[in-house]
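A.B. asks: Here's a structure for you.
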Amino acid sequence: MDETIREIESTESESDKPPSTTPRPIRAWRVAVIANVKGETELPMDGPADAGAEFDRKETIQEIQSAIESDGHTTVFIPADANLPFALAHIRPDICFNLSEGIYGDAREAQIPALLELFRIPYTASRVLTNAIALDKTMTKRIWRDKGLPTAAFQEFLRGDEPLADDLEFPMFIKPASEGTGMGMDAGSIVYDEKSLRTRINWVIQNYHQPALVEEYLPGREFTVAVMGREDAARFSPRPSIYEADGFHRFPLLEVDSSSSVTPGIYGHSAKTLHTGDADVPQFICPASVKEPLASSLQDLAIKAHKAINALDVSRVDIRLDKNGVPCLMEINTLPGMTRGFSDLCVIAEADHWNYREIILEILYLGASRYGMIMPRDKTARGIPVQIPDFVPLMQNQRHSR
Ligand SMILES: Nc1ncnc2c1ncn2[C@@H]1O[C@H](COP(=O)(O)OP(=O)(O)O)[C@@H](O)[C@H]1O
Ligand SMILES: [Mg+2]
């Protein structure tokens, strides 16, 4: 094997045992789990102190592999780095379970999906354009605003001395436009006057090498809402009854109360690295105590936010109430963290009595169904028409047109 290919083959022996789900995959698959691993993926030299915070732990990858193998498939881990094309050519997976955060560039979360589409290899969750948009919080908010969905008033700054829009009111909140895991967010993110606003904008631009997103500060309760499903999810899912008529499952709501946390009022980077039981950890309440009609409006808003950017199968939407108690969209995570017992999506699904295996397999089978890899329950009806891709081997003799 080429030495440049770093891969960890599953210890499970190859098996033709058909998976246990119904509707069934036609045969067992070779599934590649693609991710950036903490401590293994090389970080950019000029990155901020919290660079790489979104990368996965090795144990998480192994748990995902075990969950997939438990249903009869074989798995292989492939690091999401520049060796990926060679590894794909060598391994030839039937489908990829994508967790890749990417390393460089303004659309880094979309790079692996883009490569997989180039090679016509099926993969899970959202596609290229959606992952690129979701990584860019300003672009996402522009789309939501265009669709009439509520989100805090905002302005993006490419430089610290741009004129401030008159319609923005203090206090304001400043964040890097394209990060996650609370990166670049701490007590200094809330500003009450223009001088500190400009200092903080400059700090974000210099440290994160990207625009600063300035929003009105939302002082109300904070929720994160897990979204799972698709209009035709029940036709392909092993658990069709979990989906409502619109094709989406309603998980319980998770409330994050950061009022007495390490960064009071902000679920920022330090708060996101703490575990339950640590000092100054925010309170995570799931199921959150939310009365109607707020509970339904949070669920519906999250699904609308997900659909507005054509997200597929799974996401997590962060929402806060404004000073009048109106839910406002903050951001959407189309590649939500998957650390068992820790990541918000997993905590929410576990509170809904899903085990880890069920979460992983649901994402895998919803993804696979988009490529015709699973026969629908009602074989004659048509789902999202996506052809079964053939693997296009790399570096084969290709004919060029002028
Ligand atoms: N406009 C805002 N008003 C109040 N708090 C905010 C605002 N935007 C972000 N926050 C706080 O910062 C946290 C992280 O922001 P978010 O946009 O969700 O970034 P990340 O991708 O890092 O999770 C939120 O969970 C919330 O506590
Ligand atoms: Mg968030």
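The values are calculated or read from the model by the stated rules, or taken from the named source; none is laboratory data. All of these numbers come straight from a predicted model, not from anything done at the bench. Neighbour counts are summed over all protein chains in view; Cβ atoms, including those assigned to glycine, are modelled from backbone coordinates with ideal geometry.
A.B. asks: List every residue pair whose Cβ atoms lie under 9 Å apart, where the two residues are 6 or more positions apart in sequence or sit on different chains, the first residue falls within segment 112-134 and is acidic (Asp, Glu), and the second residue, located anywhere, is not in a helix (DSSP H, G or I).
C.D. replies: Correct list of pairs: 117/123; 117/127; 117/389.
A.B. asks: Take segment 210-234 and flag every residue that is of a type in the set (Phe, Trp, Tyr) and near ligand 1 (Cβ under 9 Å from one of its atoms).
C.D. replies: 217
A.B. asks: Now for a different question. Starting from segment 323-342, take each residue that is in the same structural domain as residue 355 (by TED's automatic domain parsing) and list its partners that are assigned to a strand (DSSP E or B) and more than 11 Å from ligand 1 (Cβ to nearest atom), counting only C-beta distances under 7 angstrom and pairs at least six apart or across chains.
C.D. replies: As it stands, the answer is 332/315; 333/315; 334/315; 336/314; 336/315, since those pairs meet every condition given.
A.B. asks: Would you mind telling me which numbered condition in (1) out of contact with any Leu (no Cβ under 8 Å at 6 or more places or on another chain); (2) free of Cβ contacts under 8 Å to residues at least 60 places away in the same chain residue 93 fails?
C.D. replies: Every condition holds for residue 93 apart from (2).
A.B. asks: Within segment 99-122, can you find the residues that are crowded, with 24+ Cβ neighbours inside 10 Å and within 16 Å of the chain's Cα centre (by Cα)?
C.D. replies: Scanning segment 99-122 gives 99, 100, 109, 110, 112, 113.
A.B. asks: When segment 245-293 is examined, which residues are found to be in a loop (DSSP other than H, G, I, E, B), more than 14 Å from ligand 2 (Cβ to nearest atom) and hydrophobic (A, V, I, L, M, F, W, C)?
C.D. replies: Result: 245, 251, 253, 262, 274, 279, 281, 286, 288, 290.
A.B. asks: For residues that are small (Gly, Ala, Ser) and in a helix (DSSP H, G or I), scanning just segment 210-244, find the one that is nearest to ligand 2 (Cβ to nearest atom).
C.D. replies: Among residues in segment 210-244 that are small (Gly, Ala, Ser) and in a helix (DSSP H, G or I), the one nearest to ligand 2 (Cβ to nearest atom) is 233.
A.B. asks: Restricting to segment 312-348, and then to whatever is within 11 Å of ligand 2 (Cβ to nearest atom) and under 9 Å from the mean Cα position of the chain (by Cα), can you tell me which residue is surrounded by the fewest Cβ atoms within 10 Å (Cβ to Cβ)?
C.D. replies: Step by step, filter segment 312-348, then rank; the result is 337.
A.B. asks: Right, here's the next one. Among residues belonging to segment 164-196 that are charged (D, E, K, R) and within 29 Å of the chain's Cα centre (by Cα), point out the one that is farthest from ligand 2 (Cβ to nearest atom). Reasoning before the result, please.
C.D. replies: Start the filter on segment 164-196 by keeping residues that are charged (D, E, K, R), which leaves 166-167, 169, 175, 179, 186, 193-195.
Filter once more, so that each one left must be within 29 Å of the chain's Cα centre (by Cα): 175, 179, 186.
Numbers: 175: 9, 179: 10, 186: 14 Å.
It comes out as 186.
A.B. asks: Looking at segment 167-209, which of the residues that are within 11 Å of ligand 1 (Cβ to nearest atom) and at positive phi is surrounded by the most Cβ atoms within 10 Å (Cβ to Cβ)?
C.D. replies: 184
A.B. asks: Continuing with this model, one more query. For residue 233, indicate whether it is in the same structural domain as residue 351 (by TED's automatic domain parsing) and under 20 Å from residue 328 (Cα atoms).
C.D. replies: So residue 233 fails the test.
A.B. asks: Please work out which residue is farthest from ligand 1 (Cβ to nearest atom), limiting yourself to segment 294-329 and to residues that are assigned to a strand (DSSP E or B), touching a helix residue (DSSP H, G or I) at 6+ places or on another chain (Cβ under 8 Å) and over 25 Å from residue 371 (Cβ atoms). Give the derivation first.
C.D. replies: Kept after step one, since they are assigned to a strand (DSSP E or B), are these residues of segment 294-329: 313-321, 327-329.
In the following step, the residues that additionally are touching a helix residue (DSSP H, G or I) at 6+ places or on another chain (Cβ under 8 Å) were identified as 313-317, 319, 327, 329.
Then keep just the ones that are over 25 Å from residue 371 (Cβ atoms); that gives 317, 319, 327, 329.
Values: 317: 10, 319: 9, 327: 12, 329: 10 Å.
Of everything passing the filter in segment 294-329, 327 is farthest from ligand 1 (Cβ to nearest atom).
A.B. asks: While we're here: Between 373, 338, 395, which is out of contact with any Phe, Trp or Tyr (no Cβ under 6 Å at 6 or more places or on another chain), closer than 30 Å to residue 278 by Cβ and either at pLDDT below 95 or of a type outside the set (S, T, N, Q) (or both)?
C.D. replies: Going through 373, 338, 395 in turn, just one is out of contact with any Phe, Trp or Tyr (no Cβ under 6 Å at 6 or more places or on another chain), closer than 30 Å to residue 278 by Cβ and either at pLDDT below 95 or of a type outside the set (S, T, N, Q) (or both): 338.
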